[in-house]
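I have placed the structure first, in the form of structure tokens, so that the comments after it can refer back to it.
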Amino acid sequence: MKINLQEQLIDTLTNYIQTLPSNTRLPSERQLADKYEVSRNTIRCALMNMEVTGLIRRIHGKGTFVNRVNLNSDLGSNFQFGEQMRQLGKVPRTEVISFEKRDVNAYFAQSMNLKLGEEVIKVERLRLADEQPMMLERSFLPLKIFPTLTKEMLQEKTMYSVFQERFDEKISYADEYFLASVISHVDSELMGIMEGTPCLNLKRTTYDQHQRVIEFTLSVAR
């Protein structure tokens, strides 16, 4: 599949903001539209996608700012939302919001050691405790490693259980980065909390026994 204009713009903007210091305020939508010679709507859609990946944050009435991960912690492969919630005496539940296959763009290709043109599976899940949304996860999985993965599989069992039982993929370790932030408009609606509420942004890269990246997840947590 050909990369469309918006995806090209996202790649261009990603390269641009990675040269900027943390918390830098970006030019306005109009200024960006003039700079890259595209419509404001195209700029707006690209920024919404970049906000989802955690590269930027948008604050109503103030502007768009560069996010920068500044703390690294290896939490290993034992991160289990359900188990943590049960230890707190809460009933966990996972809702699979979306499941789709798409071509990888430059940002995810670099993060997952993939080549442009390869495909990934994007899985969006809402993690709840006692029916209260606690975490929103967007996971990206290499299609070549999980070619027969379905939404139904992930609704029946945990993701890591499916990896091991269906695909013989065992988790070796995971690197997880996290930073304090404020929740975006898009995520606030899914989480049921007010835009601008403090939250935790997480980025997890999970490796199998062959040192391959088998999961790249971007999360927003209360």
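Couple of notes before you dig in:
- Test result for Leu126, surrounded by 14 or more Cβ atoms within 10 Å (Cβ to Cβ), in contact with a Pro (Cβ under 7 Å, 6 or more places away or on another chain) and either without any contact (Cβ under 8 Å) to a residue 40 or more places away in the chain or assigned to a loop (DSSP other than H, G, I, E, B) (or both): no
- Pair list, Cβ under 9 Å, 6 or more apart: segment 85-96 residue closer than 19 Å to Gln155 by Cα and of a type in the set (S, T, N, Q), other residue modelled with pLDDT of 85 or more and in a helix (DSSP H, G or I): Thr94/Leu154; Thr94/Gln155; Thr94/Met159
- Selection status of Asn49, surrounded by fewer than 14 Cβ atoms within 10 Å (Cβ to Cβ) and either in contact with a strand residue (DSSP E or B) (Cβ under 9 Å, 6 or more places away or on another chain) or under 23 Å from Glu137 (Cα atoms) (or both): no
- Here Ser181 does not fit the description of being within 24 Å of Gln211 (Cα to Cα) and at pLDDT below 90.
- Asn70, sole failed condition from (1) closer than 30 Å to Lys144 by Cβ; (2) modelled with pLDDT under 75; (3) open to solvent by 80 Å² or more (accessible area, probe 1.4 Å): (1)
- Screening Arg204 on (1) out of contact with any Asp or Glu (no Cβ under 6 Å at 6 or more places or on another chain); (2) touching a residue at least 24 places away in the same chain (Cβ under 8 Å) shows it passes everything except condition (1).
- Enumeration of residues in segment 105-162 that are under 13 Å from the mean Cα position of the chain (by Cα) and of a type in the set (Ser, Thr, Tyr): Tyr107, Ser111, Ser139
- Candidates are the residues of segment 30-43 that are touching a residue at least 24 places away in the same chain (Cβ under 8 Å) and assigned to a helix (DSSP H, G or I); the one that is least open to solvent (accessible area, probe 1.4 Å) is Ile43.
- Being farther than 19 Å from Asp187 by Cβ, aliphatic (A, V, I, L, M), modelled with pLDDT of 85 or more and not in a loop (DSSP other than H, G, I, E, B) holds for only one residue in Leu13, Leu47, and it is Leu13.
- Among the numbered conditions (1) within 16 Å of the chain's Cα centre (by Cα); (2) closer than 18 Å to Ser111 by Cα; (3) open to solvent by less than 10 Å² (accessible area, probe 1.4 Å), the only one that Met191 does not meet is (2).
- Residue match in segment 102-111 (condition: surrounded by fewer than 15 Cβ atoms within 10 Å (Cβ to Cβ), free of Cβ contacts under 8 Å to residues at least 40 places away in the same chain and within 17 Å of Glu215 (Cα to Cα)): yes
- Looking only at residues in segment 85-105 that are modelled with pLDDT of 90 or more and of a type in the set (A, V, I, L, M), the one that is farthest from Thr150 (Cα to Cα) is Val104.
Here is a yes/no grid of residues against (1) in contact with a Pro (Cβ under 6 Å, 6 or more places away or on another chain); (2) without any contact (Cβ under 8 Å) to a residue 60 or more places away in the chain; (3) closer than 30 Å to Arg57 by Cβ; (4) open to solvent by 50 Å² or more (accessible area, probe 1.4 Å):
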position	(1), (2), (3), (4)
Thr158	no, no, yes, yes
Phe163	no, yes, no, no
Glu169	no, yes, no, no
Ser184	no, no, yes, no
Gly196	no, no, yes, no
Arg222	no, no, yes, yes
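The values are calculated or read from the model by the stated rules, or taken from the named source; none is laboratory data. Quick caveat, the model's predicted, so the values are computed rather than measured. Positions of Cβ are backbone-derived with ideal geometry, glycine not excepted, and every protein chain shown enters the neighbour counts. For accessibility, only protein heavy atoms count, side chains too; no ligands or nucleic acids. Shrake-Rupley method; radii C 1.70, N 1.55, O 1.52, S 1.80 Å.
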